[in-house]
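What follows is a set of notes on a single structure, which appears directly below.
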Protein chains: 4
Amino acid sequence: MRMSKSSLQVGELAAGQALCIPIYRLQPEANTGPSVYIQANVHGAEVQGNAVIFQLMKLLENYRLLGEITLVPLANPLGINQKSGEFTLGRFDPITGNNWNREYLDSAIELPHWYAEHARLDDAGIIQAYRSALVESCQQRLSNDWGITTGHRLALNLQSMAHRADIVLDLHTGPKSCKHLYCPEYEVSAAQYFSIPYTLVIPNSFGGAMDEAAFCPWWRLSEYAASQGRDLGVAVSAFTLELASQERIDLADAEHDALGILTYLSHRGVIAESVRPAAMARYGCYLRNYKKFHAPKAGLVEYVAGVGEPLKAGEPLVNLLRLDHYGTEEALTRISLPVDCVPILHFASASVHQGTELYKVMTEVFPLDS
Amino acid sequence: MRMSKSSLQVGELAAGQALCIPIYRLQPEANTGPSVYIQANVHGAEVQGNAVIFQLMKLLENYRLLGEITLVPLANPLGINQKSGEFTLGRFDPITGNNWNREYLDSAIELPHWYAEHARLDDAGIIQAYRSALVESCQQRLSNDWGITTGHRLALNLQSMAHRADIVLDLHTGPKSCKHLYCPEYEVSAAQYFSIPYTLVIPNSFGGAMDEAAFCPWWRLSEYAASQGRDLGVAVSAFTLELASQERIDLADAEHDALGILTYLSHRGVIAESVRPAAMARYGCYLRNYKKFHAPKAGLVEYVAGVGEPLKAGEPLVNLLRLDHYGTEEALTRISLPVDCVPILHFASASVHQGTELYKVMTEVFPLDS
Amino acid sequence: MRMSKSSLQVGELAAGQALCIPIYRLQPEANTGPSVYIQANVHGAEVQGNAVIFQLMKLLENYRLLGEITLVPLANPLGINQKSGEFTLGRFDPITGNNWNREYLDSAIELPHWYAEHARLDDAGIIQAYRSALVESCQQRLSNDWGITTGHRLALNLQSMAHRADIVLDLHTGPKSCKHLYCPEYEVSAAQYFSIPYTLVIPNSFGGAMDEAAFCPWWRLSEYAASQGRDLGVAVSAFTLELASQERIDLADAEHDALGILTYLSHRGVIAESVRPAAMARYGCYLRNYKKFHAPKAGLVEYVAGVGEPLKAGEPLVNLLRLDHYGTEEALTRISLPVDCVPILHFASASVHQGTELYKVMTEVFPLDS
Amino acid sequence: MRMSKSSLQVGELAAGQALCIPIYRLQPEANTGPSVYIQANVHGAEVQGNAVIFQLMKLLENYRLLGEITLVPLANPLGINQKSGEFTLGRFDPITGNNWNREYLDSAIELPHWYAEHARLDDAGIIQAYRSALVESCQQRLSNDWGITTGHRLALNLQSMAHRADIVLDLHTGPKSCKHLYCPEYEVSAAQYFSIPYTLVIPNSFGGAMDEAAFCPWWRLSEYAASQGRDLGVAVSAFTLELASQERIDLADAEHDALGILTYLSHRGVIAESVRPAAMARYGCYLRNYKKFHAPKAGLVEYVAGVGEPLKAGEPLVNLLRLDHYGTEEALTRISLPVDCVPILHFASASVHQGTELYKVMTEVFPLDS
C-alpha cells in the first residue's frame, strides 16, 4: 500500500486566500478490488467524520489493500471556519443560506440517446463510459461561462472525485443525535456491516445530497438497461453515515466507527482480510416514516427522550418551560408524541421559537436481518 | 371607504414574545371591484415596500374605492428584527437557511377529480369554490399534527390572506438594484401600468415564491377547464415588484411607486377614477434570458456598470482589485460580459469570495408595447 | 406570602415589537428580612438559571418569607431570541459586539461630597439615601437627551431593580462548564451556603458586570465611611452563579441549585426556616490565579480534561487533530498545562482557530472553610 | 526606490488554513527621511483603504523616496472573509464580539525606571531604545505561555511593525460616512495636508485603537522627559483616516485620498518633491463634542441629513416610519437635534431597534487654520 497526499483548491476567499482541501490516496500493490471515496465535514460543525478518517487510515496500515481508497477530510473549509459565537455556522452558505449538502449535480444525461450510442460496449465498457460522462458533466458545469456559485464549485469538485469510485461514503453527524445510516432501498443488506444501529431506507430519487448524486445516475442506468433487456446491476454504492452529534471529537468512538467501515470494505473486497461485523441489533425505517416534530409553541426545552432509545406513544418527549407564565399551567408543559417511535436526533439549543424542528423520530421501525 | 386595523400572530419567539403583523383593510362603500392583497418586507432588509404601502394608503384617501384592499406591511417580523452587524440578515431563516420567499405552498388540488365535482357550478361559483379550497389547503397544513416550520407558518398565514384576493402584489427589493417587475407570461400587458422600467416575464410554474403561489393554481385551473372546453380565464393576477435597493427608505420615491400601483389598480377597476400610467420606456426580458454572473475569482470589487443602464458586450462590468498581487497584472482586473445586457442588480458588498453572485443582468431585452 | 407578576419594557425591535421581561415579586406578610433580587439569562444561551428560578419559586411556596424577593427570568429577550444556526448567539449585541454583561453603570457618585451632605443621617438613613442616589443615577442615564444604546437600556433597567435589593444574584452559565461562583473578597464566607463546588474570589473593582455594579458602590461607601471613622459595613451582597453549561435545561439539577440558593437566603434571614447547606467539598481560587488557555494552533479538539476535575501538570488537556497533516507528528498533538489546576470550563465547539480560548482553569486552588 | 513583497502569518483557521497578510516595503536609495507604516482594512467591511494603498503605490512610482514605507493592505483576513448574508461582518471577532480595533497593547513601560536607565543616551539613542522596548513588549506578549486571543495575535503582529515607523496611518471608513480624520491634539497642524474636510481632535489617552497604541507611549515619554527638563518632542505621529463609507471601492476617489496622503508625506520629507495640499475648507471638532445619537424608538429610517453637510438645530435628521401605527401620529415622526452640528456618519441599515446608534455628529465645529 502506498499513501500519497495532495491538495485541491475548491475556492478562494475575499481577501485572497485559496481554499484547499487535503486529499489522501491509498493505493494497493495490485488493483483488483473496487475503489472507494470517503469524505467528511461537508457541514462545518460535523467534525467527527474527520476523526473516523484518521482512525481508518491508521487501521488500514495493518490490512492488505485490494482497491484504491481516496479520503477527503475537512471537505468544506469555508463551512468549518465559519464561526458565529462559540459554535460553527457550517450548515449553509452564510451568504445565501444554501445547504452545503444540497449543491450536488443531478447529471442530466439523456439515457435513451446515451444508451443507444453505447449499447454495443460490454458491461465494463459501458460502466467506464458512463463514469466518464458523469465526471465530464461535473467538469463542464465547473467551467460555465457565467461562473458558478461557491457551493456548486465545492460540490462539483467533490462530486468529480466521488464519481470515479465504486463505493462512496459521506460522513456526517446530526445535531444531538444517535448514529444512523442513510441507505438506498436497493442496497439495504449493506446496513449489517456498519456499526450503526439505525438505518433510514431511502428511495432512489435525487434530493441534492452527495449519496444521491453518487448512486442515482447508476440506478437510472440500471433501470434503463433492464428496460432494454440487459442486467447491469447498480454499479455504485453510496451511503451517508451520521456519526452521532456535531461539535464533538471522540477518538475512541471514531475507532469504533472506523472498524465498522472497514467491515463493509472487507465485505466488498476492498481489503483482503475478512472482518466480522459488530454483534449488535440493527433496525430500519423507511424515509416516509421518518418524522419531524416541530415545536408547537416557543419556550425553553428540557430534552427528556434520549436519542436511540425507543419511546412509547404518550411518554414524555420534552418539557417546555415558559417562565413568562409562572403560576399558570402554561409554565411547564410536558409534550409527547401520539405514536411509538425511536427519537434519532434533536435540536441543539435549549430554547426554541415556535416551529423549530425539535426532534426527528423513526416510526414503524423494523429489525434488519443480519 | 372604511379603514380597519387588525393584528395577526404568525409565530412566537423563544423568550415568549408573540410575532404579530399589522393588517390594514380598506373597504369600499359598495364592493363592486376586484379585491387586492399587498404585502411588503417578507425579506427583512427589503424595507422600501413599507414606505410604498404608507404612501399608497395616503393616496387612496383621495380616491373612491370599489374593491377591498388588504395591506400587510412588515410581513416578516423575525426577518426584519434579525440583525447581524450593521445590516439586516433577513433573507433566510437564521436557523435553517431557508429563503423566507420559498416557503409558500403549492396547493396539491387534484384537478380532474376536483373539476368533475364542481363543473356544474357557474363561473363565479367555480371560482368561489376553488378559492375556498386553496384557503382550506393552507389552513390544513397550518394545523398539521407534527407541527410546521417557522417559515411555513409565516408563509401559510400570508398565503391564506392572499388567496382571498383577485390581485396580489408582493413588494420586494434587490440588493443594489434598479426597479423591476416579475410578471407572469400570460399577463405581460399589466407591466405598462406600474412605474417600473424592466419586466421579467416568468413562466407559469411554481418555484415557491408568493406570486407563483398566488397565480399558478389559477393558471392550472384555467388550463384544465380549457381542456374540458370551458374558458374560465385566469381569475387571479399576481406580481412581485422589486422596488430598487434594500436597506433604503425613500419617501418621495415611495410615492412615485405607490402612484404606479394605483395606476394598475385603476386599470383593474379597484378605484373609480382613471389614473394615467407614467410616460416612460418599459422593457421586457424572458426569465430564461435573465443571467447570473458569478465572481470568477475572489477580490475587492468596484461596481462599474450602473443598474438599469444598458451595457454593451465587452464594456467594463467591475474592476476586481487584488492587493495581494500588487506589481502583477492580477492586481487590477477589468471584467466584462460577452453579450449586450442591462444590469439589473449587483451584490451588496464590495468584497467577494470566488463564486459570489456579482450581477444579475437581462439579455435579449425587448421593448414592451404600451 | 403574596406573588404578583408584572412586565417591564426594556426595548423595542425594528419591526415595532416591544421587548418586555416578566417580573415576579414575592412579598412577605411582614417585611422584616433583607430584600432579594435574582435575575437569569442575561446571556441568551445561558438558560438554566430560568429553571432555577422556576424551582426556587416552587420551593418558596413551602417556606415563610421574611424579605421581599424579586425574580427576573428571561432577562434579555433580544439575546435569547437571537439564533444563528442551531445555537443562540446571545453573548453580545449582534450589531455592536458589546457583551451584554458589561453594560452596567459604575455610579459616579462623588463620595467625599455626597458623604459630607449625608453624614448626619443614621446608618439606616444613609443606606436609604445612597440607595436612592444609585437608582437615580441609573434613571438619569436612561433619560439621556442623546439616547442610550440598546445594551445600556436593558442593563440600566435591570440595575435599577437590583439597586433596590440587599442581596443580588445573577444567574449565568459557562459554555461547557462545572458550577462556580463569583464571590467578592470581603464576603467569601457566603460561598459555603450555595451548592457550588468552586468559588472565584474577586476583588472589589468594577468591570461592568451586574455583581460588581451591585456591590462596588457599597464597598466604596463602606471604605469611605471607615476613613471618616464610621463602620457602615457593606450593605449589599452580590454574586454571580455559573450553573454549569449553556444551552441546557435540567429541572432536577435546577431544583438542587434552587435549594442551594434557599440555603443562603435562609442564612441571611430571608426565610424564617433554617436550611442546612449541602454537605460537599468547596474550593476557592483568587481571580488572579484564574487562567485562560488559548489554542496555540488551530485544529479539531477532543476535550480530554473534565470540568471540575483536578488535573495534574502534564496530564492531557486536549487532543488537537490536524487532518491536513496526516502522516506527520502534527496530525495528533496532545496538549497539557505546566501547572496543576482544576479546569472550570471549556470552549463549546470542537474546532478552533488559533487563539480561541480553549479552557479556563483555576490554579492555586484552596479549600474553603465550612 | 525598491519594492519588496513579503507575507506575514497572523493566525490559523480551524480547518488548518494559514492567515497571511501581504506586506509591501518601499525602500529609498538613501534612507534620510522618516519611515512610514500604513495599514488598511482592519475592520473587514472597510475596504476602500486598500484602493488608496493601491493608488498610493502607483503614485509613488513617480516620486523620489527618502524614507522607507511599509504598506499592509488587507490587514485582517479573518474579518474580511467573514460574511453574514450579503455583507461583511468584519467589525468584531465573530466568536467573542471583541472589536478588532480595540486589541492593541498599551505598552506598560514603567517610565521613571526606564528613563533613569536610558537618560544618558542622546535623543536619537533614547528614541531608538524606546522603540526597541515597544517592539519587544509586543513580542513578549505574542509568546505568552498561556497563549493569546486571535484578535491580540493579529493586533500585536501589526503593532510590532507600526512601532518601527515614525509615521503611522491606519485607514478605516465609517458605515455611511463622510471623510474624517482622527488626529491627536498635539499634532492638529497635520490636518491641513490630507484631503479630508473634518478632523476629530483626540486627547492623548489610550483607548485600544492603533493610532493611540502608536503615539501614546511617545507622548508619555515626551511628557516624562519634559518633567526631567529634557525636550524630546513626540517622536511618532499617528492618525486614523476614515475614508468615507464601508462596502465601497472607488478607484478615482482612492487616488484623490492617496494624493492627500502623499501631500502629508511630502511635508514630512518622506519624498523629495513638494506636493501642494488640496485647496479646501477644513474643520475641527474636539472629541468631547463628538456626539452619538441613539434611536429614541424603533422603526424604519429615512436618513434625511446628509453626511458632511452642516445641519441647523431643529432641521430634520431622520424620518422614522412605524407602519404598525398607520392612522396615528406615531406613523411618521420627524426627528431633529437640539443643537447645530455636522453629521459625520450614520447607521448602515434602514431599520433600527430602539437604542441603535443612528448618527454621529460634530458639534462646536471650528475652522482649522491652513
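The values are calculated or read from the model by the stated rules, or taken from the named source; none is laboratory data. Just so we're clear, the structure is a prediction, and the values are computed from it rather than from any experiment. Every residue, glycine as well, gets a Cβ built from its backbone with ideal geometry; the counts of neighbours run over all protein chains shown. In case anyone asks, the SASA skips ligands and DNA or RNA and just uses the protein heavy atoms, side chains included. Shrake-Rupley method; radii C 1.70, N 1.55, O 1.52, S 1.80 Å.
Summed over the residues of segment D:219-370 and divided among them, the accessible surface reaches 40 Å² per residue at a probe radius of 1.4 Å. The largest accessible area among D:K58, A:K83, D:K176, D:K360 belongs to the first residue in D:K58, D:K176, D:K360, A:K83, and the rest follow in falling order (1.4 Å probe, all chains).
In chain A, the beta-carbon sitting nearest the axis that superposes A on B belongs to the residue given here with its distance in angstrom, A:G97, 2.
Cut-off under 19 Å on the C-alpha distance; same-chain residues fewer than 8 positions from C:K176 excluded. Which lysines are left, in chain and number order? Within reach: A:K83, A:K176, C:K83, C:K291, C:K292, C:K360.
Between copies, the label points of B:E364, set 7 Å from Cα on the Cα→Cβ line, lie 4.5, 6.6, 7.7 nm apart, reported in increasing order to one decimal in nanometres. Mean-square fluctuations from a GNM of chain C, with a 10 angstrom spring cutoff on Cα atoms, peak among C:N157, C:N144, C:N76 at C:N144.
Taking the inverse of the mean reciprocal distance over all distinct Cα pairs, the Kirkwood hydrodynamic radius of the protein assembly as shown comes to 34.9 Å. Dimensions of segment A:308-355 based on its C-alpha atoms, expressed as ranges along the principal axes with the largest first, amount to 33, 22, 16 Å. What net charge do the residues around B:Y286 carry, taking every other residue with its C-beta under 13 Å from that of B:Y286, with Lys and Arg at +1 and Asp and Glu at -1? Within the 13 Å Cβ shell, the charges total 0. Remark: segment C:109-244 carries a charge dipole of roughly 320 debye about the Cα centre, counting +1 on each Lys and Arg Cβ and -1 on each Asp and Glu Cβ.
Figure note: C:D123, C:D166, C:D369 ranked by solvent-accessible area, largest first, 1.4 Å probe, ligands and nucleic acids not counted: C:D369, C:D123, C:D166. According to the calculation over all Cα-Cα pairs in segment B:247-317, the P(r) per 10 Å bin from zero is 13, 28, 31, 19, 8, 1 %. Remark: label point of A:R230 defined 7 Å out from Cα along the Cα-Cβ vector; separations to the same position in other copies 5.0, 9.3, 10.2 nm, ascending.
Where the alpha-carbon atoms of segment A:1-125 are placed on the principal axes, they occupy 57, 45, 25 Å, in descending order. For chain A, adding -39500 (n - 2.57) for each run of n ≥ 4 DSSP H residues and dividing by the number of residues yields -8000 deg cm²/dmol at 222 nm. When the Cα positions of A:N81, A:A45, A:T328 are compared along the charge dipole of chain A, A:N81 comes out farthest toward the positive end, with charges on each C-beta of Lys, Arg, Asp and Glu.
Quote the total accessible area buried by chains A and D together, excluding ligands, DNA and RNA, probe 1.4 Å, nearest 100 Å². Heavy-atom accessible area buried at this interface is about 1400 Å². Equivalent-ellipsoid semi-axes for segment B:108-147 (Cα gyration tensor, √(5λ), whole Å, largest first): 24, 11, 5. For D:K5, a cut-off of 27 angstrom between C-alpha atoms picks up these lysines, skipping any fewer than 8 places away in its own chain: B:K297, C:K297, D:K58. Computed from the C-alpha gyration tensor, the three semi-axes of the ellipsoid equivalent to chain B are 36, 24, 22 Å, from longest to shortest. Apolar share of the accessible surface for segment D:98-154: 47 percent from carbon plus sulfur atoms, 1.4 Å probe. Dipole size of segment B:289-365 about its Cα centre, with +1 on Lys/Arg Cβ and -1 on Asp/Glu Cβ: approximately 160 debye, rounded to the nearest 20. Measuring with a 1.4 angstrom probe and ignoring ligands and nucleic acids, D:D250 comes out at about 50 Å² accessible.
One quarter of the convex hull surface built on the alpha carbon atoms of segment A:262-370 amounts to 8.8 nm², the projected area averaged over directions.
Measuring with a 1.4 angstrom probe and ignoring ligands and nucleic acids, C:R153 comes out at about 40 Å² accessible. Placing unit charges on the Cβ atoms of the charged side chains and taking the dipole of segment A:2-281 about its Cα centre, the candidate lying farthest along the positive direction among A:I109, A:N62, A:I196 is A:N62. In this structure D:V188 has an accessible area near 50 Å², from a 1.4 Å probe over the protein heavy atoms. Mean silhouette area of segment A:1-66, derived from the convex hull of its C-alpha atoms and averaged over all directions, reads 5.5 nm². Largest accessible area first, the listed residues A:R164, C:R276 line up as C:R276, A:R164 when surface is computed with a 1.4 Å probe on the assembled protein chains.
Once you divide the Cα radius of gyration of segment D:198-316 by 2.2 N^0.38 Å, the number left is 1.41.
Near the amide H of A:G85, within less than 5 Å, lie the amide hydrogens of D:I95, all on another chain or at least 5 residues away, with H placed in the peptide plane. Shortest first, D:S189 label-point distances to identical copies amount to 6.5, 7.8, 9.2 nm, with the label point at 7 Å from Cα along Cα→Cβ. Considering only the other residues whose Cβ falls under 13 Å of the Cβ of A:S7, what net charge follows from Lys and Arg at +1 and Asp and Glu at -1? Once all neighbours under 13 Å are counted, the net charge is +1. Rolling a 1.4 Å probe over the protein heavy atoms gives segment D:1-109 an accessible area of 29 Å² per residue. Carbon and sulfur: what percent of segment D:289-367's accessible surface (1.4 Å probe)? Exposed carbon and sulfur together represent 50 percent of the surface. Phi angles across segment B:11-24 convert, under the Karplus curve 6.51 cos²θ - 1.76 cosθ + 1.60 with θ = phi - 60°, into 3J(HN,Hα) values of x, 8, 8, 3, 7, x, 5, 6, 9, 10, 10, x, 10, 10 Hz, Gly and Pro given as x.
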